[in-house]
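Let me begin by presenting the structure, written as structure tokens, before commenting on it.
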Amino acid sequence: MGWFTRKNKQEDAVAKADRVMNKGLTGMMMKGFVPKEHRDAINQSLDSAKQAQLAASGSLPLTATGTVISITDTGKLINFDPIVVLVLEVSETGGRTYQRTMETLVSKLQIPRVGDRVGLGQHPANPSELIYMGLLSV
């Protein structure tokens, strides 16, 4: 039951929320009582939180860098950290450069500004997709 063991509460919170939303009796109840668009929004927020945890832990390698062209607040928050829309000029390690728009969770202590360089990594579940890794030091 875990009464006498100590676990990493941050990782457990996201895993527990995912379990409550999508598995077991509570998952069936969520499907019965919560509209699909709300469930999709909650699952999208959970995916953003998982990506933020992976990026913060340093377990993903940096595969590209981006320069912020514009940033827009969505008005959404996860644990008081904002979700923003970034328009980036992406430079991959292979030399390819292109523009990319992404909606991502950023730390309220390190919100990127226009002209800042950010790190990008491959999404573990979808290697063709890039995720935000945070600001790069100058």
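The values are calculated or read from the model by the stated rules, or taken from the named source; none is laboratory data. Predicted model only: the values in this text are computed from it and were never measured. With ideal geometry, Cβ positions are generated from the backbone for all residues, glycine too; neighbour counts draw on all protein chains shown. We work out accessible area using only protein heavy atoms, side chains counted, and drop any ligands, DNA or RNA first. Shrake-Rupley method; radii C 1.70, N 1.55, O 1.52, S 1.80 Å.
Structural remarks
- Residues in the range 110-136 that are under 16 Å from the mean Cα position of the chain (by Cα) and over 16 Å from Gln53 (Cα atoms): Ile111, Pro112, Val118, Asn126, Pro127, Ser128, Glu129.
- Criterion (outside the structural domain of Ala15 (by the TED database) and without any contact (Cβ under 8 Å) to a residue 40 or more places away in the chain) met by exactly one of Gln99, Gln44: Gln99
- When Leu130 is tested against (1) at pLDDT below 90; (2) open to solvent by 50 Å² or more (accessible area, probe 1.4 Å); (3) within 29 Å of Met21 (Cβ to Cβ); (4) among the aliphatic types (A, V, I, L, M), only condition (2) is not met.
- Whichever residue in the range 21-47 is among the small types (Gly, Ala, Ser) and over 21 Å from Ile83 (Cβ atoms) and, among such residues, is least open to solvent (accessible area, probe 1.4 Å): Gly27
- Subset of the range 94-119 (residues that are open to solvent by less than 20 Å² (accessible area, probe 1.4 Å) and within 16 Å of Ile83 (Cα to Cα)): Met102, Thr104, Val106, Pro112, Val118
- Hits in the range 68-81 - residues which are surrounded by 15 or more Cβ atoms within 10 Å (Cβ to Cβ) and modelled with pLDDT of 95 or more: Val68, Ile71
- Filter result for Leu88 (farther than 21 Å from Ala17 by Cβ and in contact with a Gly (Cβ under 6 Å, 6 or more places away or on another chain)): yes
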